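Read through the structure below, which is laid out as structure tokens, and then see the notes.
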Amino acid sequence: MHNEHTNQHFQLRIDNGEYIEAKDYMPDGYRKHLIRQISQHAHSEVIGMQPEGNWITRAPSLRSKQILLAKIQDEGGHGLYLYSAAETLGISRVELIDQLHSGKAKYSNIFNYPALNWADIGAIGWLVDGAAIVNQVSLQRTSYGPYSRAMVRICKEESFHQRQGYEIMANMMKGTKEQREMAQDAMNRWWWPALMMFGPHDTDSPHSSDAVKWKIKRETNDELRQKFIDKTVQQAEIIGLTIPDKDLKFNEKTGHYDIGKINWDEFHRVINGNGPCNKQRMEHHIKYHNEGAWVREAAEAYKKKRLAKQLEIA
Amino acid sequence: MAKDTQLDLWEVFIQSKSGLPYVHAGSVHASDAKMAMQNARDTYTRRGEGTSIWLLPSKNIVASNPDDNEMLFDPSNDKVYRHPTFYVMPEGAKNI
Amino acid sequence: MTQKEALFQYCLRLGDNALILGHRLSEWCSRAPFIEEDLALTNMSLDMIGRAQALLKYAAEVEGSGKTEDDLAYRRPEPKYFNHLITEQPNGDFAHTIARQLYISTFEYYFYSDLEKSKDKTLAAIASKAIKEVKYHLQHAADWTIRLGDGTEESRNRMQKAISDLWMWSGELFEMDEVENSLLKDGIAVDLIPIKALWSNHIKQVLTEATLNMPEEDYMQTGSRKGIHTENLGHILSEMQYLQRAYPDAKW
């Protein structure tokens, strides 16, 4: 009776547009959903460092090297903000990382694709971050306070990411024939996976309804995907890139672009572990996590020694 | 081998300009105060957001219990006489 | 050697140190022991690459042949690179990176404090920006040396090994040749002789606090002043210069 009352009260607070804070009452489902979503988001930021990291040592100018490094560093920072937000829900970072390694927690499918040429760095910034930003802008108003605050900070910092990616693409399209080919090749490989980032169609999305009711998610997968398509098509055209979709057409009636069929088989295949880089990404993370164990252990041991010394003195 | 750890949790407060209040920015992990300071700096002031940092171990934070909200905060809602707009000033009086 | 040639060479040496160490530090990205430390190492890498950019830009200006800092970074072969050999040593484990950072940032702390007083206004300006960064790098390296040295048995062994392994590359930091000597006369370059003692004292102090042993005086490796490197640099450059070399007509 009491619990039901509290769930009702909770929903009332949500409906009133209030933010929920860490110590506030929340239904278990809400907490679980948040942990799943925030940790998936955090892991995506962290795993997302890898494909771009593949090009740090080969960035073609000092300027681009700094930009790329700063950007990847931001992704790490964003992962950190999000881990912090998840920790307020009573799960530790150790547990979060364990869940990533055991496969219980997921990360964005997009990072299971390889970054093959320098234009991929452009495409990742422009398309992948561009898609992420559409989602993140919407999440700034998510109902959980710590998550919302992390998203506000992230959005502020992300704004340069998409621009730097688009700048790379634009420059390459103004460059040599080989550069233009690289740019189009990257476009061809990243366009569809970027559209899949928004998740399954609303009719097929298992988590959407609760998430919308609780205002964790403020807009649906399809709404967000459409926003991204509508703004990106023009950006591609203006620098001379072709969107790899022969069915892409502006729909006068709806005022939006219609697209061809998304290959959901590929989506499910990659999500289930058969993307080109799933194993590589996870092995990388596990390897360096394990290699760092002795460092973390040493830091703890040093702390304990110092504390013991302080007590001795006192 | 000892149980894996991601080190202790610290809360970070940043003052963005001298004179302004310190605002909670988020948290970092670190095993000692010096490391926490360096990590807070690298995490939360990469864009010149700060002129000063406060840190405290998260476990030392004392937070009010939401169940006490009515008791703690509602009684102050009817103390209208604490607000300057409560008072009626004679027409024409200046600088008050 | 004219003064102009000496100054060009001097800027290349400093710029190459920053570039190659920055490159090495950037290799840590997504590989650090925990995410906060990943950010810290990347930050230091960014400091270094920014400094390389400023120094190589100035080198190009001094040379006066219309080159850019990118031409200097991406189109020179190994023998035309003059970074200290220690900067190109592999990252190794975290202890090796910290030991490398400790040796280099201690050196740079004294070096850039002095270069701030250079009669060359550009170098002095670069130095006064660099010194702020270096102070942080040094603190970071010293703190970690102490934590690892006085941490667990494993971390102590690893840290001691790293300190010893990298020792033979440290002597080169203090080598002076006609480049330094001719610029020193004009108050442009830094005199490295007094820095050596300061460096040793500071390293000793940190190692003592870390309960580690200072390596014995021993044979020091040399070569980079003349463009003779370890095998590492070739690999670094073949990665770094790949796009510029593979597509020489492209602008990026």
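A short reminder: the numbers here are calculations on the coordinates, not readings from a lab. Given the structure is predicted, the values throughout are model-derived calculations rather than measurements. All Cβ positions, glycine included, derive from the backbone under ideal geometry; neighbour counts span all protein chains shown.
Backbone N atoms of region A:117-143 closer than 18 Å to the 7 Å Cα→Cβ label point of A:Val152 belong to residues A:136-143.
Here the Karplus curve 6.51 cos²θ - 1.76 cosθ + 1.60, taken at θ = phi - 60°, turns the phi angles of region C:37-50 into couplings of 6, 4, 5, 5, 5, 5, 4, 5, 4, 5, 4, 5, 5, x Hz, with x standing for Gly and Pro.
Given that compact globular proteins tend to follow 2.2 N^0.38 Å, what is the ratio of the alpha-carbon Rg of region C:22-94 to that value?
Working: Rg = 14.5 Å, N = 73, 2.2 N^0.38 = 11.2 Å.
Cα-based Rg divided by the globular estimate yields 1.29.
Taking region C:135-252 as the region of interest, the number of lysine pairs whose Cα atoms are within less than 25 Å, with members eight or more places apart or on different chains, is 9. Residues whose amide H lies under 5 Å from that of A:Ile20, counting only those 5 or more places away or on a different chain, are A:Tyr144, A:Gly145; hydrogens are built 1.01 Å from N in the peptide plane. Calculated translational diffusion coefficient of region A:67-178 (4 °C, 1.567 mPa s; Stokes-Einstein with Kirkwood radius over alpha-carbon pairs) equals 84 µm²/s.
Taking only the C-alpha atoms of region C:1-158, the Rg (one decimal) and the largest Cα-Cα distance, Dmax (whole number), read 16.4, 55 Å.
Charge dipole of chain A (Cα centre as origin; +1 on each Lys and Arg Cβ, -1 on each Asp and Glu Cβ, all else neutral): 820 debye, rounded to the nearest 20. Spatially, region B:31-64 and region C:181-233 are offset by 35 Å when compared through their Cα centroids. Loop exposure criterion: GluC sites (Glu not before Pro), DSSP state outside H, G, I, E and B, at most 13 other Cβ atoms within 10 Å. Applied to chain A, the longest stretch between such sites is A:22-251. Near the amide H of B:Gly26, within less than 5 Å, lie the amide hydrogens of B:Val12, all on another chain or at least 5 residues away, with H placed in the peptide plane. Length, then width, then depth: along the principal axes, the Cα atoms of chain B run 76, 37, 16 Å.
Using the Karplus relation 6.51 cos²θ - 1.76 cosθ + 1.60 with θ = phi - 60°, the per-residue 3J(HN,Hα) values for region C:215-232 come to x, 6, 4, 7, 5, 9, 6, 8, x, 5, 4, 9, x, 9, 10, 7, 5, 5 Hz, with x marking Gly and Pro. The tail of the calculated P(r) for chain A, taken as Cα-Cα distances beyond 38 Å, holds 20 percent of the pairs. Starting from the Cα gyration tensor of region C:65-200, take the square roots of the eigenvalues, sort them a ≥ b ≥ c, and report rounded, prolate or oblate (rounded when a/c is under 1.5, otherwise prolate if a/b is larger than b/c, else oblate). Verdict is prolate for region C:65-200. Each principal axis of the Cα cloud of the protein assembly as shown was taken in turn, and the coordinate range along them, longest first, works out to 85, 73, 71 Å.
Using +1 on the beta carbon of Lys and Arg, -1 on that of Asp and Glu, and nothing else charged, what's the dipole of the protein assembly as shown about the Cα centre, debye to 20?
On the way: 80 positive and 91 negative charges, 147 e Å.
Charge dipole of the protein assembly as shown: 700 debye, to the nearest 20.
Region C:70-97 and region A:36-68 have Cα centres lying 23 Å from one another.
With respect to chain C, whose longest principal axis is taken over its alpha-carbon atoms, helix C:121-149 is tilted by about 20°. Rounded if a/c is under 1.5, else prolate if a/b beats b/c, else oblate: with a ≥ b ≥ c from the C-alpha gyration tensor eigenvalues square-rooted, which is region A:159-201? It is oblate, given that a/c is not under 1.5 and a/b is not larger than b/c. Principal axis extents of the C-alpha atoms in region C:136-180 (largest first, rounded to whole Å): 46, 24, 8.
Taking chain B, how many lysine pairs are there with alpha carbons less than 29 Å apart, if each pair must be eight or more places apart or span two chains? Don't jump to the answer; show the numbers that get you there.
On the way: B:Lys3/B:Lys34; B:Lys3/B:Lys59; B:Lys17/B:Lys34; B:Lys17/B:Lys59; B:Lys34/B:Lys59; B:Lys79/B:Lys94.
Value for chain B: 6.
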